[in-house]
Amino acid sequence: MGARGVRGTRRDLLMGMAMAAGLVTWVLSSNNTFRLPGVMAWWTAVAAWLAAWWDGEPTLPRPKPRAGQGGYLTAAAAILLLGALFRFYHLESIPPEMTSDHAEKLLDVRDVLEGARPIFFPRNTGREPAQFYVTALIAGPLGFGLSHMALKFGTALIGWLTLPLIMWAVRWGGGYSRRVTLLTGLLVAMSKWHVSITRVGLRFPYTPLASALTLGFLWRAMCSSADRYWVLTGLALGFGLYGYTASRILPLVVLVGLGIWGWRVQASSWAGRWYAVTRAGLLMALSAGLAFLPLLRFSLERPDLFWYRSMTRVAGGIAEPSWSTFFLNVRNALLMFHVRGDVVWVNGVPEDPALDRVTGLLFLVGLVVLAARLIRHPVLPDALVLTAWPLLLLPSILALAWPNENPSLVRTSGAIPVVMLIAALGTDALWQRLARLLGPWPVRLGMMMALAVALVLNWRTYFTVYPRIYAQASWNSTEIAAEIERLAPAVGGVDFVYIFSYPHWVDTRNVAFNMGVPDWNRVLFEVSEIEDASPEVRAIIFHPADVTNRQGVFDLWPGACRWVVPSRTPGKEFIVVVRPPYCERLKGP
């Protein structure tokens, strides 16, 4: 048997192993549950499938070592250090408070720590699983506990790991120059857009991670046409769908990339071209399906849960879907980079553009440069960049039923790698053109100053303006938790301290998590509940505007003491009322 026959037999055996293991995975993924044998079968299927298609050398030549490699690596390391500074500096205090979404996430993480192994988390309109398992590792074995910090550290880490992944994708996948690679990494490292969605502790940074990984392999596959890279693209696509809902736009990006490659692929006939495109498409589809297998089964078992959030954004909201709404959303999404950004205070400074002024200008220059390059000398990576950019905005644009949620920094976050690459291409083009006119050193100094201005603008927006707005918009559950813990020794424990409910006030679940007592749930809705409450009500925390219920408590508890607890954020003060027998044990602050 010849070498080709041996390779064919080996591939058949590995493909058979992958299919068999995939079938076991499917069977053991029932009832929305990861099971250890099923997970082992899943990874076996993926490994066998990848090994089956690893034969054969890529058609791209290996790059020869070039001078300056040490300087390039040093610069890349410096960019990673800068990225770490932006993502971990004062992480414990910025952003300062949890929202109700954070409480929902911590409840899901708690389920994992207590032994649950869902493939899809149905709580709070349904969520993909990656963040919850990562956070469970951080909260449990790494000792962060069920806390805001566990959520923030997990997403900040994912955001930071995305930096080298983007540089890898640009350099190794797209074949762009070292300077463009470093500029892309630098722009992402200091981007207020990426920083804000990475530090907030929600699932948002998983989309740019999936986007960078998928694009890196797709670029490589388009340039080399090697089977292994089509397979790796499909695997990256499938695994990327476990992160955040906005990643569901990536199959469309991959499909468009395949079409671009098919238009340029070298073939002796149209039949040969169609064969090549069909083969590559099937390899990606089967690979993505294998990676997506457990979640695929859940999506077929419970399509109502799997598609609920996506479908409610398109229909069933505050507006009827229409073409006029679509074009309005397109306009607003395009304006998000320079004019008016996201209005949600959790995601960033409300209405602040996604790009600082310097990066925004470089992005516009990059679009012109990219279009000119495609006209003069079209190459596949450039074509994919220019088409992927608007496609990756669609998760925000398609919020037709909720146009007030567009533009969204989080739903468009898959575009971050390509937007920053376009800006880097603009920077590089200006660098080269001006260097020929003015000489290299003045241009180098000018570019360094411009990028320094961009760094300062991004730093100021996120670390000065954003925390102030966030603190004013959120509720100070940490301060309420601290006051309950201060009261606890005098009144017999935290179980004897209650919060009187008030519309649009603090989420008491966050108070419980901040105390490290997730099961604490002491909430009053009526004064009449006080006498029948168990455990006994010995102290109550009130919203300062709740005069009526506070007076009712004074009528019920003659001689009760009260004080106002100040807050670090003006307007977030709250009032404590303590039952008379316990007043002497503890006075106000």
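The values are calculated or read from the model by the stated rules, or taken from the named source; none is laboratory data. Since we're looking at a predicted model, the values are computed, not measured. Neighbour counts are summed over all protein chains in view; Cβ atoms, including those assigned to glycine, are modelled from backbone coordinates with ideal geometry.
For the range 331-338, state whether one or more residues are of a type in the set (A, V, I, L, M, F, W, C), at pLDDT 90 or above and in a loop (DSSP other than H, G, I, E, B). Show your work before the answer.
Within the range 331-338, the subset of a type in the set (A, V, I, L, M, F, W, C) is 333-337.
Applying the additional criterion that residues be at pLDDT 90 or above yields 333-337.
The next check asks that each one be in a loop (DSSP other than H, G, I, E, B); those that pass are 336-337.
Yes.
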request  = Being touching a residue at least 24 places away in the same chain (Cβ under 8 Å) and either closer than 16 Å to ASN549 by Cβ or touching a Leu at 6+ places or on another chain (Cβ under 6 Å) (or both) is the filter; apply it to the range 492-507 and report the residue that is surrounded by the most Cβ atoms within 10 Å (Cβ to Cβ).
outcome  = VAL497
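Identify the residue in the range 466-483 that is out of contact with any Asp or Glu (no Cβ under 8 Å at 6 or more places or on another chain) and of a type in the set (Val, Ile, Thr) and, among all such residues, is surrounded by the fewest Cβ atoms within 10 Å (Cβ to Cβ). Give the derivation first.
Taking the range 466-483 as the starting set, the residues that turn out to be out of contact with any Asp or Glu (no Cβ under 8 Å at 6 or more places or on another chain) are 466-469, 472-473, 479-483.
In the following step, the residues that additionally are of a type in the set (Val, Ile, Thr) were identified as 469, 480.
On the way: ILE469: 15, ILE480: 25.
Applying the filter and picking the extreme gives ILE469.
Looking at the range 339-362 only, could you name the residues that are aliphatic (A, V, I, L, M) and assigned to a loop (DSSP other than H, G, I, E, B)? Working first, answer last.
Of the range 339-362, the ones aliphatic (A, V, I, L, M) are 339, 343-344, 346, 349, 354-355, 358, 361-362.
The answer is VAL339, VAL343, VAL344, VAL346, VAL349, ALA354, LEU355.
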ask   = For the range 471-527, how many residues meet the condition of being within 35 Å of the chain's Cα centre (by Cα), over 22 Å from ALA150 (Cα atoms) and part of a loop (DSSP other than H, G, I, E, B)?
value = 6
ask   = Does ALA399 fit the bill of being part of a loop (DSSP other than H, G, I, E, B), within 30 Å of LEU91 (Cβ to Cβ), of a type in the set (A, V, I, L, M) and touching a residue at least 12 places away in the same chain (Cβ under 8 Å)?
value = yes
inquiry  = Here is a check on your reading of the model: is ASP428 touching a residue at least 24 places away in the same chain (Cβ under 8 Å) and either more than 30 Å from THR325 (Cβ to Cβ) or of a type in the set (A, V, I, L, M, F, W, C) (or both)?
reply    = yes
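Go through the range 303-315 and report how many residues are charged (D, E, K, R) and crowded, with 16+ Cβ neighbours inside 10 Å.
Start the filter on the range 303-315 by keeping residues that are charged (D, E, K, R), which leaves 304, 309, 313.
Of the ones still in play, those that are also crowded, with 16+ Cβ neighbours inside 10 Å are 313.
Residues meeting the conditions: 1.
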message = Can you go through ILE422, ILE416 and tell me which one is closer than 30 Å to GLU92 by Cα and either assigned by TED's automatic domain parsing to the domain that holds PHE574 or assigned to a helix (DSSP H, G or I) (or both)?
response = ILE416
ask   = Say we look at the range 203-259 and pick out the residues that are closer than 21 Å to VAL39 by Cα and hydrophobic (A, V, I, L, M, F, W, C); which of these is surrounded by the most Cβ atoms within 10 Å (Cβ to Cβ)?
value = ALA210
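If I filter the range 529-545 for residues that are in a helix (DSSP H, G or I), of a type in the set (A, V, I, L, M, F, W, C) and at pLDDT 95 or above, do I get at least one hit? Please lay out each step first, then the result.
Residues of the range 529-545 that are in a helix (DSSP H, G or I), as a first pass: 529.
Checking which are of a type in the set (A, V, I, L, M, F, W, C) leaves us with none.
So far as the range 529-545 goes, no, none of its residues is in a helix (DSSP H, G or I), of a type in the set (A, V, I, L, M, F, W, C) and at pLDDT 95 or above.
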inquiry  = If the requirement is being of a type outside the set (Ser, Thr, Tyr), assigned by TED's automatic domain parsing to the domain that holds THR214 and farther than 18 Å from ILE249 by Cα, which of these qualifies: LEU283, LEU295?
reply    = LEU283
